[in-house]
Every structure is written in structure tokens, then in C-alpha cells.
Amino acid sequence: MKVLLINPPDTASKYKFIGLVAPTLGIAYIAAVLEENGVDVKIIDGSALEMSWEELEKEIPKYSPDIIAVTAVTPAINQALRTAKIGKKVCPDAYIVLGGYHPTFTYNEVLKNDFVDIVVCGEGEYTMLELAETIESGGDLRKVKGIATKDFKTPPRPIIQNLDELPFPARHLLPMDKYKILNSKLPVGTLISGRGCPFQCSFCSSAAMHGHKLRLRSAENIVDEMEHLINDHDADMIAFMDDTFTVNKRRVEEICTGMKKRGLDVYWGCTARVDTLSRGILEKMKDAGCITLFVGVESADQQQLDNLNKQTTIEKIKRTFELTRELDVRTIASAVLGMPGDTKQSIRNTINFVKNLNPSYAIFSLATPYPGTRFYMKAKEENLIKINDWSKYSLMTPVLETVDCSLEELRKMQRKAFREFYLRPGYILRQTRMDGPIILKTILAILKDVSKHK
């Protein structure tokens, strides 16, 4: 049994404009589980390799795969379907499987394509393993939990309760030299410390995919993987990619203590909620090498934060950024423009609020309702969605109108937000002192990327 896992060409992280090209950990986890169970598996990361469609068409048949599995997020579903079509063309006897966030919640739509045979719904590690074993043995696919076909959908597979049981992602199958951060080929390692989210943010696709029960890997298991990234992949920088790294303060302290005990000399960054950060925990994180925090600010309007179920306050946000500045920890502030109920003035307030927080970097996303989220269901019910082209669901193209903002007005306000933030002379001087001349390259890349979206 040969399985080929593909991240399609011409796709990118939603944070590519800040110079981040990260490993595709989802399919790397699947590959690791398959390898551990004796399945012959390969990965093509067409995006990181900047592979053309012609090159992909030549590359796929080299592996003679029995299964071609393609991962897809919403804005890249068209590239995933094009990849699947090529796979069926060059390997007509192979099963074509799609998985990931978007196919999980739109499997009926995806399966309308005659070249797609199966959709894996939800977490894919053990579903793909059982699927491969069932196909190899000629078994009944109706017994494989967590899949949908044109003829049936099986019961969902239970979530993986003990994440420590998973092998580390199969990074040896990835082009690790192609990943970068801040547009620099600094060897960067990424890892996920947990799945699921206990919070109720209406726009969150992670909780929709992995559930609201928080499942955390042990501190020891995480530090083991960090050591693996440093020793086996020469990582100089590690980024925790999950949304809930700082939720359990005791585990954060155990991770920091474990790093210090093992003498792990590496810079790292993570996502953080403002209601989970204190001076004490931030000091311990910085002492263990943490240099960057990604923080969801979302809005300057308390009512909007409440509508999003953020369970935080404007004052907590202000205090967190004051604290990070005092401790000299970089921050990436993420704000959302154009939520239902937003007005020109409230958007203006949010832009000014983010500028006054003085983060190291800022992202001004446009409100985007992803399938599977409560935000999407509400927006669809209330007929708020004006754009149905999934390729526009990139956070950089408006798909909703607000009470007094057209799509074009939202686009202009987003562009203005990025320009106002990044082209302040004082900001450029301050950030150049912190990050060096590379900040100029990063600013240019951000503004160029923002301006090309329509």
C-alpha cells in the first residue's frame, strides 16, 4: 500500500504576508502514523516547493500511489480540487481522498466532483490509517469511521484523547529547508501543543474541527519534540501553532522549566489570550526563550468582543500589551475589520486602538465566515454573505458588507490600516532597532501582498 499526501501548489499560509512559510503539520502527523504502521508514504508540499502544476503532474505518478490524499483549507479548495483532478488523470486507479478543514464541513459539495472518491472528516490520523488498511485488504469502507463518499457517510471518529500517543510529525518527508519566518531562511520548527478549545469564539474554525474539549500534550512530550527539532532539524526558532498554548499556566511553567533543565537554547513564540497572561508567567516564558506572542485583539469595541464571545475586555488587552512592552517581548496583534454591526467609525476606532497598543506587528483581517463555525451559520441564515467564491475567503478580501460599509469601502479601509500602521516613521525606527534591517523587507512584503488582493 502506497499513500501520497499532497499540500497543493499555489497555496500559502494566511500569514505568508508576514514572511511565514510553515510546514504542513496536519499531513505530517498522518504520514507519521501511517509509517509507524508499515504503510509506504510520501509527501509533496507543492506550496513550499513552489511547484508548478506541470511539475506536479509529472511528480505524482513517480510514486505509483494507491491513495492520493490532498489537504485543503477554505481559500485553497480550488487548488486542492485541481490537484485531485490531476491525481485522477495520471493515476486513474488510485483512490482520491480530500481532507482538512474545508472538506470536513463541505463534504457534500466536494463529492460532487467525479474525480473525488472519499472525504476524510475531522482529525485524519487514524481515519487515514484504517482507510489504507481497509482498501489494501479489500474490506468494507462502510466500516471506516469518519469518512464520506458519494454513496454514504459513516459515523464520526472519536477524537484522539491522548495526544502523547501520536508520533512526532514525519518532518523527514517535508522540504524543511524551504520553510521560513519574517522572509528569512532561519531554520524554523513548528509544533502543536494541544487540540480543541474551551472558549466559544464564534469565528473559530479550530474548535469546530477539534471540539471544545481542550486536549493538551504533556510538558515532557512537548519538550521532547522541541529537542528533536533542535537536534535533528537544526531549528533556531520554534513556533507553537495552536490557539491555546497559554491556557494552562501550570503546563506552560513545566515546559519552561523543562527547557531550562535540558539547556535548550532556542527562541520561540506562541499564541496567547490576554486573559491567560500575567507578569509571572511572561517572565518565565521570556527566561526560557520566548520572544514573540501572537495575540487576538479583534476589536476596540467591547460590544463586538462580546458578540464574538471573546470573553475578554478592552482593559485586559491594554494591560497585556503594556506588560509585553515592559518585558521587551515582541507581539503580533490581530484585529478583525468588518464584522456584522461594524461601522466606519468602529473600524476606525479599532485601527487607532491597535496603533496605540504599539505591537511589533499587526494583522488587519477582514471578517471571514468559515464553514463549520457559528459565524458562518449565522451569516448564511441572515443573508450577510455577498461573495461565494471560496478563493476569496483569505481574510484579505471582503465577503460581508456591514451596516454602512460596502465591500469596496472595507477593502480600502483595510489597505489604509496596514499603511497607517507600518509606514509610521517612529514605528520603523523602533522595529529596526529590535529586528534589524530585515524589517524593511518585511514591511514591503506585507504592503505588496495587501495591495494585490481584490
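The values are calculated or read from the model by the stated rules, or taken from the named source; none is laboratory data. These numbers were taken from a predicted model, which means no experiment stands behind them. With ideal geometry, Cβ positions are generated from the backbone for all residues, glycine too; neighbour counts draw on all protein chains shown.
Some observations on this one:
- Residues that are aliphatic (A, V, I, L, M) and assigned to a loop (DSSP other than H, G, I, E, B) do not occur anywhere in region 441-449.
- Residues satisfying the stated conditions in region 386-403, i.e. under 18 Å from Val336 (Cα atoms) and in a loop (DSSP other than H, G, I, E, B): Lys386, Ile387, Tyr393, Ser394, Leu395, Met396, Thr397, Pro398, Val399, Glu401, Thr402, Val403
- Among the residues of region 379-433, the ones that are loosely packed, with under 14 Cβ neighbours inside 10 Å, within 30 Å of Pro8 (Cβ to Cβ) and of a type in the set (Lys, Arg) come to 2 in all.
- Meets criteria (modelled with pLDDT of 95 or more, under 23 Å from Cys197 (Cβ atoms), touching a strand residue (DSSP E or B) at 6+ places or on another chain (Cβ under 6 Å) and crowded, with 16+ Cβ neighbours inside 10 Å) for Cys256: no
- Members of region 227-278 that are assigned to a helix (DSSP H, G or I), within 16 Å of Ser334 (Cβ to Cβ) and of a type in the set (A, V, I, L, M): Val274
Residues checked against (1) closer than 22 Å to Phe418 by Cβ; (2) under 26 Å from the mean Cα position of the chain (by Cα); (3) touching a residue at least 40 places away in the same chain (Cβ under 8 Å):
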site: Val297; (1), (2), (3): yes, yes, yes
site: Gln303; (1), (2), (3): no, no, no
site: Thr312; (1), (2), (3): no, yes, no
site: Ile332; (1), (2), (3): yes, yes, yes
site: Leu337; (1), (2), (3): yes, yes, yes
site: Ile347; (1), (2), (3): yes, yes, yes
site: Thr350; (1), (2), (3): yes, yes, yes
site: Val354; (1), (2), (3): yes, yes, yes
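Table: residues versus (1) over 25 Å from the mean Cα position of the chain (by Cα); (2) under 21 Å from Thr350 (Cβ atoms); (3) not charged (D, E, K, R).
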position	(1), (2), (3)
Pro369	no, yes, yes
Thr373	no, yes, yes
Lys392	no, no, no
Val399	no, yes, yes
Asp404	yes, yes, no
Ala417	no, yes, yes
Arg430	yes, no, no
